[in-house]
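S.K.: Input: one structure, supplied below.
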Amino acid sequence: MNRIFVKNDYNIKVPFLEGLPTKITAESLCCGTPAVSFKAGGSELITIPEYSQFVEYGDIKSLFSANEKILNFTFAKEIISKIAKQKYCKEDMPKNYLSFYEECNILS
């Protein structure tokens, strides 16, 4: 998949349920490719907002608008990739999840 993401201008995914889409969003961003998707319960929580657009599930009009925003946005793949690799590194991700759970009072 990485070879595909690197060659794309952006990645659009339209998941029915959460699962792999979170991994796909992170992988896409690590390759320097912005992401557009429906909100599916996870990807929109871990993404880098400056390089992603998420819309309500099934809202095709908003999905089209999000695509237009990404297509008209000037970005450098190298910068997106660097930011994503820092955000999703294996040393920081467990801390990020723990912080998120604490914010949501899940661990209390």
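The values are calculated or read from the model by the stated rules, or taken from the named source; none is laboratory data. Model, not experiment: these values are computed from the prediction. Here the Cβ positions follow ideal geometry from the backbone for every residue, glycine too, while neighbour counts run over all protein chains shown.
S.K.: What residue, among those in segment 62-79 that are more than 16 Å from Lys39 (Cβ to Cβ) and polar (S, T, N, Q), is surrounded by the fewest Cβ atoms within 10 Å (Cβ to Cβ)?
M.R.: Thr74
S.K.: Given the conditions (1) in contact with a helix residue (DSSP H, G or I) (Cβ under 8 Å, 6 or more places away or on another chain); (2) at pLDDT below 85, which single one is not true for Phe54?
M.R.: (2)
S.K.: Select from segment 87-98 the residues that are surrounded by 10 or more Cβ atoms within 10 Å (Cβ to Cβ) and either part of a helix (DSSP H, G or I) or over 18 Å from the mean Cα position of the chain (by Cα) (or both) and list them in ascending order.
M.R.: Just the residues of segment 87-98 that are surrounded by 10 or more Cβ atoms within 10 Å (Cβ to Cβ), to begin with: 87-89, 92-93, 96-98.
Answer for segment 87-98, where residues must be surrounded by 10 or more Cβ atoms within 10 Å (Cβ to Cβ) and either part of a helix (DSSP H, G or I) or over 18 Å from the mean Cα position of the chain (by Cα) (or both): Lys87, Met93, Asn96, Tyr97, Leu98.
S.K.: I need every pair where a residue in segment 69-96 that is at negative phi has its Cβ under 6 Å from the Cβ of a residue that is outside any helix (DSSP H, G or I) and at pLDDT below 85, sequence separation at least 6 or different chains.
M.R.: Cβ pairs passing all conditions: Ile70/Tyr10.
S.K.: Looking at segment 26-48 only, could you name the residues that are at pLDDT 85 or above, assigned to a helix (DSSP H, G or I) and closer than 20 Å to Leu98 by Cα?
M.R.: Across segment 26-48, the qualifying residue is only Ala26.
S.K.: I'd like the full set of residues that are at pLDDT 80 or above, under 16 Å from Gly42 (Cα atoms) and not aliphatic (A, V, I, L, M), limited to segment 65-98.
M.R.: Listed by number, the residues that qualify are Lys87, Tyr88.
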